[in-house]
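This report refers to the structure that appears directly beneath it.
The values are calculated or read from the model by the stated rules, or taken from the named source; none is laboratory data. Just so it is clear, the structure is predicted and the values come from calculations on it, not from any experiment. In this analysis, Cβ positions are derived from the backbone assuming ideal geometry, glycine residues included, and neighbour counts consider all displayed protein chains. Note: areas computed on protein heavy atoms with side chains; ligands, DNA, RNA excluded. Shrake-Rupley method; radii C 1.70, N 1.55, O 1.52, S 1.80 Å.
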Amino acid sequence: MPAGSTALAAYATFAAAQGDDICSLRCTVEDESGESASDLCDALLGSGAQSASVEEFRPQGLAEQPLYSGSERRVWERCTVTTHFPPGTDVAAALKRAAAWTGRTQPLRYQIAEVVAEEWVQTIRDSYRPSKVADRLWIIPDWCEPPDAGAVNVRLEPGLAFGTGEHPTTRLCLRWLHARRSDLAGRRVMDYGTGSGVLAVAALLLGAESAAATDVDPLAVRAAGANAALNGVADRLVAVPCEADPHSPEPLRTAGALATAGSASFDVCVANILQGPLLALAPRLAGYSVPGGLLALSGILAAQAPAVQAAYAPYFSGFELTC
């Protein structure tokens, strides 16, 4: 980390790993307010983090904190936010973007450590178990057996990209797709900001004919393809990278994937990202949608919903808000 970095980079320290290949960078933000920890997680995930978690902040010698009820969920008064980024990520820049999205003005105290492959794999395996999302819809880590073999079981190799099925916004989108599974039969789906590809893969397993997935993170694009193969639907998924700038050229056309995807028009579009990108992407997502197509937008706070709805109102109607 360069010396003299300002604002969010002011208190960074770096611990170098030894030996095995580096597979991620762990960023730990300590002594974070319980009220803001969840928003910080969402903003860091939107800034390129592969995973994020909130734990109790408890310095050595202090008693365990009681949980308190915030506006939406039970959290601790003071928290530790832990995120993982791909190797080579400019974590300071990611923190600055997250700060801008959350309106933060004060610097964060954070530490960065390199994570070796063996440690990362074991951490992932210890963290994830089969998760029931809806009736007969499960997310299954690749190393686990499904509790309900007859259900729609979306197998994932968690940890490569955002979208393990654990985050509330991912689960909202999965439940939305599951509730409309009868509408998915034979349909084309666009998953913008795909992460692990979990939404695109779930849509295909629920009956969609084909899906296209795109993400600013090349690792996510690879993960989406790998998870599609894991579920036997790779021949029906096109995964391509896109630029962070929403005004950049359309990614499917740039990648020469339109012929494979069938066309740039989709019956169902889902985008589980953040408010800023959603606002800027309104014309593009509207351009993807066929007349009468379905649209699901997630990754926003309830207070941000009116602005997002206003951005999409010229193109869509019949809005429903689900928290």
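Scanning the range 63-100 for residues being at pLDDT below 85 and under 18 Å from the mean Cα position of the chain (by Cα) gives a total of 1.
From 169, 214, grab the single residue that is open to solvent by less than 50 Å² (accessible area, probe 1.4 Å) and within 24 Å of residue 39 (Cβ to Cβ). Result: 169 is the single residue among 169, 214 that is open to solvent by less than 50 Å² (accessible area, probe 1.4 Å) and within 24 Å of residue 39 (Cβ to Cβ). Here 60, 18 are screened, and the one residue that is of a type in the set (S, T, N, Q), at pLDDT 50 or above and open to solvent by 60 Å² or more (accessible area, probe 1.4 Å) is 60. Filtered by the rule that a residue be touching a Cys at 6+ places or on another chain (Cβ under 8 Å) and modelled with pLDDT under 90, the range 269-309 gives a lone residue, 302.
Within the range 172-183, the set of residues being of a type outside the set (A, V, I, L, M, F, W, C) and either surrounded by 24 or more Cβ atoms within 10 Å (Cβ to Cβ) or in a loop (DSSP other than H, G, I, E, B) (or both) comprises just one member, 180.
The set of residues from the range 295-322 being open to solvent by 50 Å² or more (accessible area, probe 1.4 Å) and in contact (Cβ under 8 Å) with a residue 40 or more places away in the chain comprises 301, 322. Would you check which residues across the range 132-164 are modelled with pLDDT under 90 and among the small types (Gly, Ala, Ser) and list them? Within the range 132-164, 159, 161, 163 meet the criteria. Pick from the range 103-112 the residues that are of a type outside the set (Lys, Arg) and surrounded by fewer than 16 Cβ atoms within 10 Å (Cβ to Cβ): which of them is nearest to residue 43 (Cα to Cα)? By that ranking, first place goes to 103. Contact map, the range 171-191: first residue of a type in the set (D, E, K, R), second residue in a helix (DSSP H, G or I) and buried (at least 20 other Cβ atoms within 10 Å of the Cβ), Cβ cut-off under 7 Å, separation 6 or more or different chains; pairs are 191/199; 191/200.
Here 186, 195 are screened, and the one residue that is open to solvent by 10 Å² or more (accessible area, probe 1.4 Å) and part of a loop (DSSP other than H, G, I, E, B) is 186. Just so you know, in the range 226-247 the residues that are modelled with pLDDT under 90 and of a type in the set (D, E, K, R) include one that is surrounded by the most Cβ atoms within 10 Å (Cβ to Cβ), and it is 243. Between a residue in the range 278-294 that is crowded, with 16+ Cβ neighbours inside 10 Å and any residue that is β-branched (Val, Ile, Thr) and in a strand (DSSP E or B), which pairs come within a Cβ distance under 7 Å, given they are 6 or more apart or on different chains? So the pair list comes out as 293/268; 294/268.
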